[in-house]
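Here the structure comes first, spelled out in C-alpha cells, and everything after it is commentary.
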Amino acid sequence: MKNLAFLSMILFISVVLFSAFSDPSKKESKQKSLLDKKVDELLSQMTLNEKIGQMTQADIDALKGHYEDIEKYSLGSILCGGNSEIEDISAKGWADFYDMLQTHALNSRLHIPMIYGVDAVHGHNNVTNAVVFPHNVGLGATRNAKLIEKAARVTAEEVAATGMDWAFAPCIAVARNEHWGRTYESFGEDPELAKLLGAAQVKGFQGKKLSDKTSILACAKHFLGDGGTTTGKDQGNTEVDEPTLRKLHLPGYKTAIKAGTKTIMVSYNSWNGIRMHGNKYLLTDVLKGELNFNGILVSDWAAIDQLEGDYKSDIEKSINAGLDMIMIPNPPGKENNYIDFITLLKELVNENKVPISRIDDAVKRILRVKFEMNIFENPLTDRSLMATFGSKEHRQVARECVRQSLVLLKNENKTLPISKNVKNIVLAGKSADDIGNQCGGWTIDWQGKSGNVITGGTTVLQAVKNAVSKNTVVSYSKDGSEVKDADVVLVVVGETPYAEMFGDKPDLNLAKEDVDVIENVRKSGKPFVVVLFSGRPLIIEKQLKDANAFLAAWLPGSEGAGITDVLFGDFNFTGKLGHSWPKTNEQIPINVGDKNYDPLFKYSFGLKY
Ligand code: GLC
C-alpha cells in the first residue's frame, strides 16, 4: 500500500514539474514576471530626476557640445531628426558616434543605456551608400507582406550595423487625400494595406527575438488619423466621426500591436479640433486600454509645443494624456530644451499635477523594452555587422521590391517589353539619371536632394546601359530634343524630392519641364515610354494619351535596375495601385468605396505583359 502511495506522489510531483516547465504559456508568464522583477528592482533605485531623464529623448543637435548631459541627466533616448547630422555620415562614422553617446549613458549613476532612434523609413537612409528601398507608396503596390518583411529585416541589419536601436517606422498612415505631402510614406488609401504591410515591417525590424543583435525597435506611426486630415493638410485636422476614425485609421495599429511593435509615435494632427498629443481618451483609454498597448508611446518632434498654453502646461497635458517619452529638439534660438523639460516635469510631479504613478508607468515601459532588447548586456555597436552593410545581397532585396512596386498603366502595340538588342534607345527627362529624384525625401537630407551626389545607387540610365546588348546605342537627351535616331525613347519624369509639409500640394499636374519633354518626344513621332517617379498619383490624362506605354515607378530608391529588369522583360509587372488615380485635382479626395467613383484608374489597377 505504502509503495503505491509513494509511487502516486512521485507521479504527481513529476506531472506538476513537467507542466510547469513545458507549458509555454506558463514559461512565458515565468519570463514575464522575471522581467517585471528586474524592472521594479531598477525602478526602486531611481531618483525622480533619473526617472524623468529616461522619459527624455534629446536630438543630437541639441546635445552637441553637451554630451556629458547624457550621463548627468541619465537621458533615456537620443535621436537624429531628419536634418540632424554629424561630420562623417558613413556607416562607420555613425557607429563611432553611437558608441560615444552610449558610453556617456553608461557613465550615468545607474549605468542605464540609452536607445537611439532614427528615421530609417526606406532603408538606413541617413547613411551614405546604405541600400535605399522604395518608399511605402511603392511597397504598397507590391501587396507582398513576405517581401516587405524581408526588406525591413535588411534595413534592421544596416541600422544595427551602426549601433542604432530604433527605426521610426512603419508609417501606417492611411493617406486619403493625395494633396498630402506624406502620401508616399503611407502604403495606400485602404487600411488593409496598413494592416498587412505595417505588421510585416514590424516583424522585419524586430526579428524573431528582440534581444538578437540585428533586431531593432519598430515604431508604428503616427497615431491617430495622420492621413485623414481635411484637404490633406500636413499636421491638420482630421474631421470624422469616431466610427470612421476607427474604421479607417485604427486597424493598422491593432495589427502592429499584435505583431509586437514596442513603440508607437503620436501624430501632430488633431481629431475634430483636439490635438492628438493631448488626447487622453485615444492615447490612454483606447490605445493603452482597449488595444492593450504596453510599449513606449513617444511624441513627435517638438509636437507637445503645439498644445495650447506654455511649455509647462504642454508637458502636464501630454504626459497625463499618456505619452511616455518626449522627443525634444532645440527650438530655434533655444539651448538645451531637454533640461527645461526635466526641470518642469519635476516641478509638476512635486506640485501633484502629474502623479508619480504616471511617471512610474512610463519609466517601467521604457525599462521593460530596454531589458527585452538585452541592451544592458550589449550596449555598444557589434562591428561584425558592418560586413553586410550595402551588400549585393541587400541590394538584391531592394531590387526585387522595385520590380514588384512598378504599376503598368498603359502598353499599346506591345511597346513593352523593349528588346535588349534594340539598336538605338534614347533616355529623356530630368530624372533619367538622377539618384536624388529616384529616392525622394528622407534620403541623407530630410527633404532629399536632386542630382547624383546624395548617395550611391544605380540610375535608370546606368541600368539601361548595363541591361542592353553591347551593340545597342544608348544616349541621354534631357529635354528630349535629340531623339531622331531612336527606335524607342524612355522618358523619366515626375516629382523632385520633398518631405512632410513641404510636399503639401494643391496642384498635382506634371511640372512644365516634364510636360515639355514629353511634348518634344511626342512631336518626334518616335514610340515612347513614360516612367513616372512620384510620391503619389499625379494628373497625367493628356500625357497618358500621347505615350505608347506609361508606368508608375513611385520613389524606387537606389536600385534602378529593378526598373529595367521589367522594362526589358526579364520580369513581368505585378504591381497594383495602392491609390485610386484621379483624373483631375478636383476629384481629390477620391477613394475606393466612394459613391460615384470614377477615377482614371481604380484602386488595385495594374496591367501585365
Ligand atoms: C518628424 C516626423 C516623424 C519623424 C520625427 C523624427 O517631424 O513627423 O515622422 O519620425 O519627426 O524625425
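We did not get these values from a lab; they are worked out from the coordinates using the rules stated. Just so we're clear, the structure is a prediction, and the values are computed from it rather than from any experiment. Don't worry about glycine lacking a Cβ; one is built from the backbone with ideal geometry, like all the others, and counts go over all protein chains shown.
Annotations
- Helix-only mean residue ellipticity at 222 nm for the chain, each DSSP H run of n ≥ 4 adding -39500 (n - 2.57), per residue, nearest 500: -11500 deg cm²/dmol
- Hypothetical label at E41: residues of the stretch 359-380 whose amide nitrogen lies under 19 Å (7 Å Cα-Cβ projection): 363-379
- Net charge dipole, the stretch 392-587: roughly 580 debye, given to the nearest 20, about the Cα centre with Cβ charges of +1 for Lys and Arg and -1 for Asp and Glu.
- Charge sum, other residues only, whose C-beta stays under 12 Å from N294's C-beta, Lys/Arg counted +1 and Asp/Glu -1: +2
- Full-stretch length increase - H66, S211 - with 0.36 nm per residue and alpha-carbon distance subtracted: 49.2 nm
- The distance from the alpha carbon centre of the stretch 190-221 to that of the stretch 301-350 is 29 Å, rounded to a whole number.
- Residues of type lysines that K602 reaches as a straight line, Cα spacing below 16 Å, ignoring anything fewer than 8 places off in the same chain: K410, K576, K583
- Electrostatic bookkeeping for M55 treats Lys and Arg as +1 and Asp and Glu as -1; over the other residues with beta carbon under 12 Å from its beta carbon, the sum is +1.
- Qualifying lysines (Cα of each under 22 Å from Cα of K64; at least 8 residues distant if same chain): K72, K92, K334
- Counting every other Cβ atom within 10 Å of each residue's Cβ, S299, S44 order from fewest to most as S44, S299.
- Checking the cross-link pairs K209/K353; K414/K542; K420/K523; K38/K208 against a 30 Å limit on the alpha carbon distance flags K209/K353 as lying beyond it.
- As a rough footprinting exposure proxy, the listed residues M55, M46, M501 were ranked by other beta carbons within 10 Å of their own, and the order from fewest upward is M501, M46, M55.
- Annotation: the antiparallel percentage among DSSP beta bridges lying fully within the stretch 36-384 is about 10.
- Summed side-chain charge close to N437 - residues other than N437 whose Cβ falls under 13 Å, Lys, Arg +1, Asp, Glu -1: -2
- In summary, the aspartates and glutamates within cross-link reach of K526, defined as a Cα separation below 15 angstrom excluding same-chain residues under 8 places away, comprise E412, D479, E482, D485, D487, D546.
- Cα centroid separation, the stretch 495-514 to the stretch 398-465: 18 Å.
- Theoretical FRET efficiency, 1/(1+(r/R0)^6), r = Cβ-Cβ of V592 and T415, R0 22 Å, to 0.05: 0.15
- Backbone amide hydrogens, once placed in the peptide plane, bring L217 within less than 5 Å of W166, A167, excluding anything fewer than 5 places away on its chain.
- Placing a label point 7 Å from the Cα of E335 along the Cα-to-Cβ direction, the residues of the stretch 39-76 with a backbone N closer than 14 Å are 62-69.
- Whether the stretch 325-364 is rounded, prolate or oblate, judged on the alpha carbon gyration tensor where a/c under 1.5 counts as rounded: oblate
- ³J(HN,Hα), Karplus 6.51/-1.76/1.60, whole Hz, each residue of the stretch 434-446, x for Gly, Pro: 8, 5, x, 5, 5, 8, x, x, 6, 9, 6, 9, 3
- Interchain or long-range residues, amide H under 5 Å from F293's placed H: K288
- Three-way shape call for the stretch 148-236 based on the alpha-carbon gyration tensor, with the a/c threshold at 1.5: prolate
- Of all DSSP-defined beta bridges confined to the chain, some 20% are antiparallel rather than parallel.
- The stretch 392-587 shape via C-alpha gyration tensor axes, a/c threshold 1.5: rounded
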